[in-house]
Structure formats: structure tokens, C-alpha cells
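Asker: Handing you a structure now.
Please treat every number below as a calculation from the coordinates, not as lab data. This one's a predicted model, so the numbers in the text were calculated from it and none came from an experiment. Here the Cβ positions follow ideal geometry from the backbone for every residue, glycine too, while neighbour counts run over all protein chains shown.
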Amino acid sequence: MNLKINHLQHVGIPVTDIEISQSFYERLGFQRAMNATFMHEGEQGKVSMMKREGIIIELYQMPEAELVNVRQRKDGRIDHIAFDVDDINETFDLLKKEGFAIIEEQPVFLNFWVKGCKYFYILGPDGERLEFCQIL
């Protein structure tokens, strides 16, 4: 298999109050690189990409109805790690052909960054979610 991964793109962390989390990471030297909203089951959530040098942390706050799940987690807050790829469709097709457990039926578009991004997740052997993402 000839899978090309450029670098670790970001680590996704679900938070209960995005403003408090943004302030916390700013105290550690991170800056807000992108803020956006997203829809989840008809309700709006919030996301903030926090950047320091080559490190990006994705903070996201689910809509109120889903925050209960975030608050009840007992095994930490990291939700996924994301790998940067050049061609999301090629990567999707390759991993599908190789038999990886892909969660989405096709790459998903999000209106993040300047021109958007596309991503999909695969499951690791212990259920960990690995995201492959192309910033458009």
C-alpha cells in the first residue's frame, strides 16, 4: 500500500465551554487560527482551531443536547487524531480497497478554513478514530 501522510494535522478535543478552553490554550501560547460553527442533528456546535508553531488543537463544543456525553467521559477528552493528506478522495479509495473500517460512506465537506476541508475517519483496532483530512 502506498499511503501518503504529510504530517499529523491536529488533535480533536471535545470541550464543554469553548471560550474557557480557548483562553486556557491562549495562556499556553496558542492563537486562534480558525473559528467556525457546524450542524449536528439540527443543532449548532462551535469549533476553534488553536495553533502554536506547527501544532494545531481542534477544540469543539457540541450542541447542548450532546454535552452530557462529553461531561460523562471517564477516559480523557481526546476524541481523534487527524492526518493531513494531499488528495482526500485518493486516500479514501486506497483505504477502502485495503479493507480499513471507514466510518463515512464518502469524504465529508466542512465549511472550515478559507475554502473548506474534507475528511473521513477510520477505526483503529481499539476503536480509536483516525481522521484523514484535506484542507481545500
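Asker: To the nearest 10 degrees, how steep is helix 18-27 against the longest Cα principal axis of the chain, on a 0 to 90 scale?
Answerer: 90 degrees
Asker: Quick check on the chain: helices-only [θ] at 222 nm, where DSSP H runs of length 4 and up contribute -39,500 (n - 2.57) each and the sum goes over total residues. Nearest 500, please. Please list the in-between numbers first.
Answerer: Working: 3 runs with 28 residues, N = 136.
So the calculated ellipticity at 222 nm is -6000 deg cm²/dmol.
Asker: Here's something else I'd like to know. Can you give the % of DSSP beta bridges in the chain that are antiparallel, to the nearest 5? It would help to have the intermediate numbers written out before the result.
Answerer: Numbers: 32 of 41 bridges.
If I count the DSSP bridges inside the chain, around 80 percent turn out antiparallel.
Asker: Pull up the cross-link candidates among the lysines for Lys51, meaning alpha carbon to alpha carbon under 28 Å and not fewer than 8 places away within one chain.
Answerer: Cross-link targets: Lys4, Lys74, Lys115, Lys118.
Asker: Cβ neighbours within 10 Å, averaged per peptide: list 111-119, 77-85 in order, most packed at the top. Mind dumping the intermediate values first?
Answerer: Working: 111-119: 15.2, 77-85: 17.4.
Averaged packing, sorted descending, gives the order 77-85, 111-119.
Asker: What net charge do the residues around Gly29 carry, taking every other residue with its C-beta under 13 Å from that of Gly29, with Lys and Arg at +1 and Asp and Glu at -1?
Answerer: Numbers: positive: Arg27, Arg32, Lys51, Arg52; negative: Glu26, Glu53.
Neighbourhood net charge equals +2.
Asker: Among Phe132, Phe92, Leu59, whose Cα projects farthest towards the positive end of the dipole of segment 7-135, with charges put on the beta-carbon of Lys, Arg (+1) and Asp, Glu (-1)?
Answerer: Value computed over the given set: Leu59.
Asker: Could you list log10 I(q)/I(0) for segment 18-68 at q = 0.13, 0.21, 0.23 Å⁻¹, which the Debye formula gives when each Cα is one point scatterer?
Answerer: The calculated log intensity ratios at q = 0.13, 0.21, 0.23 Å⁻¹ are -0.32, -0.71, -0.80.
Asker: Right, next: Enumerate the calculated ³J(HN,Hα) couplings along segment 80-94 in order (Karplus 6.51 cos²θ - 1.76 cosθ + 1.60, θ = phi - 60°), each rounded to whole Hz, writing x wherever the residue is Gly or Pro.
Answerer: Those phi angles translate into 7, 10, 10, 10, 7, 10, 7, 9, 5, 5, 4, 5, 4, 4, 5 Hz.
Asker: Mind giving me the FRET efficiency for Ser23 and Asp79? R0 is 30 Å, r the Cβ-Cβ distance, nearest 0.05 is fine. Don't skip to the end; give the middle numbers.
Answerer: Numbers: r = 20 Å, r/R0 = 0.68.
According to the calculation, E is roughly 0.90.
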